[in-house]
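A quick write-up on the structure given underneath.
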Amino acid sequence: MEGSPIHARLNPHVPVLAVYFDGQRDLMRDYRLRCQSVECLMRILPSKYTQGWSHEVHVLVTLYWLAHGLSYSVVSRAFHVPKNTVCRLVHTGVEKIAALRQEVIRLPTATALNEVGQTFARLANSPVFSRCVGSIDGCHVRFKTPQEGQDYLNRKLFPSIQLQAVCDGKGLFINTFVGYPGSVHDTRVLKNSRLYRAALYPPPGYFIVGDGGYPCSEKTVAIITPYREPLEGRVKSCFNHRHAKARCIIERAFGMLKTWWRMLFFRALEVNHTIVPSVITACAVLYNICLPAGDILEPVEDVGHIGVVPPRPVRGE
């Protein structure tokens, strides 16, 4: 970093930086990503300097904060970087990663739909689901809200922001919508998302599956939900069983997301509520980058019972 301002000079001997520049060590413990995924992120993110700090430092500080959910003060000491700089690096880093959403979180192409449908048919162990091309659900992300933020209280009485997501049969997110307060019902979130308003997906002749919190519908967005209890007859019971096997892939995806960024998602986010949607979107983007590379951890037992879903609407899908 020759020529950088003295306050922005890098100390490569700082342990969290040395592990990266060593090139031979496992980065999972410090950054929750393997070296290949970090390098991929370095390549696709805009590489302009921020506050005089290098692109590498900018990305590593952001990943370290996301991985551990630490205060800016602790991250400052870990990297030997001023606290105010850490705050700026994290905020701009999260925004940059979230901005990759349209590039990384994409709907399947027309030629890929049949393959997606076959994946769901295998999940459900039934050819009935060969026209299923997605599983939809929402999760609540806990955060510390201002005292006046009663609208953010969900039915479990903790403040949250909702993440609505659709995944394919392999667990990759193909659509996300982040930002509605925890008090808003799943159906309202769906109907205010671009997925619904622009009838983006699925195409005619295909459907997605969702739980009973969503409407069973053919128009606008074709969603198939399970039969309501009590069930009458073996046919409905069998269908619900197959439906649950197809739908559970989105629950598994949320579980892996929460396990991967557990220090961030398993406690209330201590940031301004206006940045929470970008933090959640950034985590979803990183998930899609890392899942194919095998960096994602399997969900821990009972992970789904820990509160997690998103804030301020990030509109554009």
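The values are calculated or read from the model by the stated rules, or taken from the named source; none is laboratory data. Predicted, not measured: the structure shown is a model, and the values here were computed from it. As a convention, Cβ positions derive from the backbone with ideal geometry for all residues, glycine included, and neighbour counts pool all protein chains shown.
Can you tell me which residue among Gly117, Gly134 is assigned to a helix (DSSP H, G or I) and over 30 Å from Leu27 (Cα atoms)?
When all the criteria are applied, what remains is Gly117.
Filtered by the rule that a residue be aromatic (Phe, Trp, Tyr) and over 14 Å from the mean Cα position of the chain (by Cα), the range 163-195 gives a lone residue, Tyr180. Identify all residues within the range 206-224 that are farther than 20 Å from Ala110 by Cα and either surrounded by fewer than 20 Cβ atoms within 10 Å (Cβ to Cβ) or not assigned by TED's automatic domain parsing to the domain that holds Ser135 (or both); write none if there are none. Correct list: Asp211, Gly212, Gly213, Pro215, Cys216, Ser217. The set of residues from the range 97-114 being assigned to a helix (DSSP H, G or I) and farther than 20 Å from Asp30 by Cβ comprises Ala98, Arg101, Gln102, Glu103, Val104, Ala110, Thr111, Ala112, Leu113, Asn114. The condition of being of a type in the set (A, V, I, L, M) and part of a loop (DSSP other than H, G, I, E, B) holds for only one of Leu60, Leu89, Leu66, Leu70, that being Leu70. Residues that are at pLDDT 80 or above and of a type in the set (D, E, K, R) were ranked within the range 245-273; the one that is surrounded by the most Cβ atoms within 10 Å (Cβ to Cβ) is Arg247.
Looking across the range 11-41 at every residue that is closer than 21 Å to Ile97 by Cβ and not in a helix (DSSP H, G or I), the one that is farthest from the chain's Cα centre (by Cα) is identified as Leu27.
Just one of Val285, Val221, Val271 is more than 21 Å from His185 (Cα to Cα), within 25 Å of the chain's Cα centre (by Cα) and in a loop (DSSP other than H, G, I, E, B); which is it? One residue alone meets the criteria, Val271.
So for the range 35-57 (the condition being touching a Lys or Arg at 6+ places or on another chain (Cβ under 9 Å), within 24 Å of Ala284 (Cβ to Cβ), modelled with pLDDT of 90 or more and of a type in the set (Val, Ile, Thr)), does at least one residue qualify? Looking for residues that are touching a Lys or Arg at 6+ places or on another chain (Cβ under 9 Å), within 24 Å of Ala284 (Cβ to Cβ), modelled with pLDDT of 90 or more and of a type in the set (Val, Ile, Thr), one finds none in the range 35-57, hence no.
When the residues of the range 179-201 are filtered to those that are among the hydroxyl-bearing types (Ser, Thr, Tyr) and in a helix (DSSP H, G or I), the one that is surrounded by the fewest Cβ atoms within 10 Å (Cβ to Cβ) is Thr187.
Tell me whether the range 162-178 contains one or more residues that are part of a loop (DSSP other than H, G, I, E, B) and either hydroxyl-bearing (Ser, Thr, Tyr) or free of Cβ contacts under 8 Å to residues at least 12 places away in the same chain (or both). No, that holds for no residue. Pairs are defined by a Cβ separation below 8 Å, a sequence spacing of at least 6 or placement on different chains, a first member in the range 205-232 that is acidic (Asp, Glu), and a second member that is at pLDDT 95 or above; the pairs so defined are Asp211/Asp137; Asp211/Thr225; Asp211/Pro226; Asp211/Arg247.
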